[in-house]
1. Expressed in nm², what is the orientationally averaged projection area of the convex hull enclosing the Cα positions of segment 162-246?
2. Would you mind putting 63-73, 206-216, 250-260 in packing order, based on average other-beta-carbon counts within 10 Å, highest first?
3. Specify the residue with the greatest mean-square fluctuation among Thr176, Thr98, Thr38, computed from a Gaussian network of the chain linking alpha-carbon atoms under 10 Å apart.
4. So what is the relative contact order for segment 157-254, in percent, with contacts set as C-alpha pairs under 8 Å and at least six apart?
5. Using the Cα centre of the chain as origin and beta-carbon charges of +1 (Lys, Arg) and -1 (Asp, Glu), tell me which of Ser132, Met221, Val155 is placed farthest towards the positive end of the dipole.
6. Using a cut-off of under 16 Å, list every residue of segment 210-249 whose amide N is near the label point 7 Å from the Cα of Ser65 along the Cα-to-beta-carbon line.
7. Compute a Gaussian network model of the chain, connecting alpha carbons closer than 10 Å, and tell me which residue from Val228, Val139, Val155 fluctuates the most.
8. For q = 0.14, 0.16, 0.17, 0.21 Å⁻¹, what log10 I(q)/I(0) does segment 101-241 give under the Debye formula with an equal point scatterer on each alpha carbon and no solvent?
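The values are calculated or read from the model by the stated rules, or taken from the named source; none is laboratory data. Owing to the predicted nature of the structure, the values given are computational and were not obtained by experimental measurement. Glycine also receives a Cβ, built like all others from the backbone with ideal geometry; neighbour counts cover every protein chain displayed. These accessible areas exclude ligands, DNA and RNA; they are computed on the full protein's heavy atoms, side chains included. Shrake-Rupley method; radii C 1.70, N 1.55, O 1.52, S 1.80 Å.
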Amino acid sequence: MDVEVESKRPDEPAEGHAHPNTCPGCGSHYRDDELAKTMRVCPQCGHHFRVRARERIEQITDPGSFTEEDEALRSADPLGFFDLRPYTERLAEAEIDTGLGEAVVCGAAAIEETACQLAVMDFAFMGGSMGSVVGEKFVRACERAATTEAPLVSVAASGGARMQEGILALMQLPKTICAIDELHESGGSLISVLTHPTTGGVLASFASLGDVVLAEPGALMSFAGPRVVAQTTREKLPDDFGLAESNFRFGHLDAIVTREELRPTLGRLLRLFARS
């Protein structure tokens, strides 16, 4: 099971060794309000810090245009899963810490005055792991996109399938893939944005199936992280293994887009794909 596989870029310090607002690229320190003004991008070296789902929505959508859907959906505990703590306890803790009910926020919005559907993941909620509710919310977003004839914009940030839900989590891979296929059959389109990190089952399913696939600079996007691959293959990997730049070089991406350019880029793409 691939939940929360390695989420660090090769240049990031070990967890707990630095303040979260310390840039791993150049070592600069920032207050939260300073990073908010730069869309959480280091003004010195351009390092892209992680962005929470609701802040991402504010960054890319027209002010006041977002209407959330399926907010009340919550994960159950069909397996009665218990590791060091019960799964239900971990879910409750994640909801309290993030203010979200699940690892994806979905709804209708407009970007540069063009209507769209959104599915934006939040890594802070259990590593952005995909369980049955995340898969269901994404499928419903696809269905709304088909019904409203509006393109779907997906922003991925995930460690993969949620191990606490076992096979039910793994079944979200074919479920979301089929939903995209039905969206395409209806004449709809998907614009996929990969952010740091996008790994495991999410990368292996809907995140890679956009009509256009974009990524932020330096985003880790591989099925397994560099450390896991290096240990498995017993080989030294390139410094940029699994990063957006490497994936772009091998043709896995259509473009690498900085956070400042993401909204206008999405606006242009939505105008191209809009059906009305």
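1. On the way: hull surface 25.7 nm².
It is 6.4 nm².
2. Details: 63-73: 13.1, 206-216: 22.6, 250-260: 15.0.
Top of the packing list down: 206-216, 250-260, 63-73.
3. In this elastic network of the chain, the residue with the biggest mean-square fluctuation among Thr176, Thr98, Thr38 is Thr38.
4. On the way: 145 pairs, mean separation 25.3, N = 98.
Value for segment 157-254: 26 percent.
5. Met221
6. The answer is none, because no backbone nitrogen lies closer than 16 Å to the label point.
7. Sorting by GNM fluctuation, first place goes to Val228.
8. Here log10 of I(q) over I(0) equals -0.62, -0.79, -0.88, -1.24.
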